[in-house]
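Here the structure comes first, spelled out in structure tokens, and everything after it is commentary.
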Amino acid sequence: MKALMQPVALAAAVALMLGCAVGGGARPMAQMQGDCGDYQLDVTRERALAQTPGAALAAAGSMQELLAPVPLEQKITVNLLPQQQVKFRRTPQRRQESTDRFGGMLALRVPADAAYRIGTSTAAWLDVLTSNGSAVRPSHFEMQTACKDVFKTVVFALRAEEVYTLQISASRMQALPIYLLRHEQ
């Protein structure tokens, strides 16, 4: 019986590392190392946006520097800061203390109560915080490590009357393309 519990415990640990509860929409890691065609989610919109120039935004290094909310439904290249210079609102769930990592914060506001996807073109940790600093747990997480357009996508249930803080950390890229889209199932 103990041997049977080890894979379940390992799956739970991986899901928690990814910021998703088991049963909360995370696929097993072995299924998330493919290319763009291996996504279970439809990432057609993100892949199309990846081919556009999009807009550039500078990430904030502190709460006082947060600017207008990030526009939705387009590619945004976020110019991140050296992570050690960022005064995160809340310690990221996965903060890698390394001189070669980048991070920052963006304001996020959505037009309607719904599920929204935040995708990145490469590995980076994403935390969404409410206006009181509470973390919003993702309802779904998926990545495909060989997909050059959409490395990962995370789904969050967000409310229109809330102003959120999107914290980005542990990125190896200083200019990180991201996609903020309404999640269509």
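Sort Thr77, Thr91 by Cβ crowding within 10 Å, fewest neighbours at the top.
Least crowded to most crowded, the residues run Thr91, Thr77.
Hull volume per residue, based on the alpha-carbon atoms of segment 105-158 and their convex hull, is 88 Å³. With Cα atoms as the point set, the radius of gyration and Dmax of segment 2-182 evaluate to 15.8, 52 Å. Rounded to the nearest Hz, the phi-derived 3J(HN,Hα) couplings of segment 30-41 under the Karplus curve 6.51 cos²θ - 1.76 cosθ + 1.60 (θ = phi - 60°) are 4, 8, 10, 10, x, 9, 4, x, 8, 5, 7, 6, where x marks glycine and proline.
For the pair Glu73 and Ser134 in one chain, pulling the backbone fully straight at 0.36 nm per residue adds 19.5 nm over the alpha carbon distance. In this structure the amide hydrogen of Ala170, modeled in the peptide plane, comes within under 5 Å of the amide hydrogens of Gln96, Phe102, Trp125, none closer than 5 places in sequence on its chain.
Summarising the amide proton neighbourhood of Val70: residues at separation of 5 or more, or on other chains, whose placed amide H is nearer than 5 Å comprise Ala107, Leu108, Arg109. Here the extension length gained between Asp38 and Gln84 equals 13.1 nm, from 0.36 nm per residue of separation less the Cα-Cα distance. Centre-to-centre separation between the Cα atoms of segment 138-161 and those of segment 67-81: 15 Å.
Close amide H partners of Met32, meaning residues 5 or more places away or on another chain with modelled amide H under 5 Å apart, do not exist here.
Readers should treat all values here as calculations from the given coordinates under stated rules, not as data from a laboratory. Computed from a predicted model, the values in this text were never measured in an experiment. Ideal geometry is used to build each Cβ from the backbone, glycine not excepted, and the neighbour counts take in all protein chains shown.
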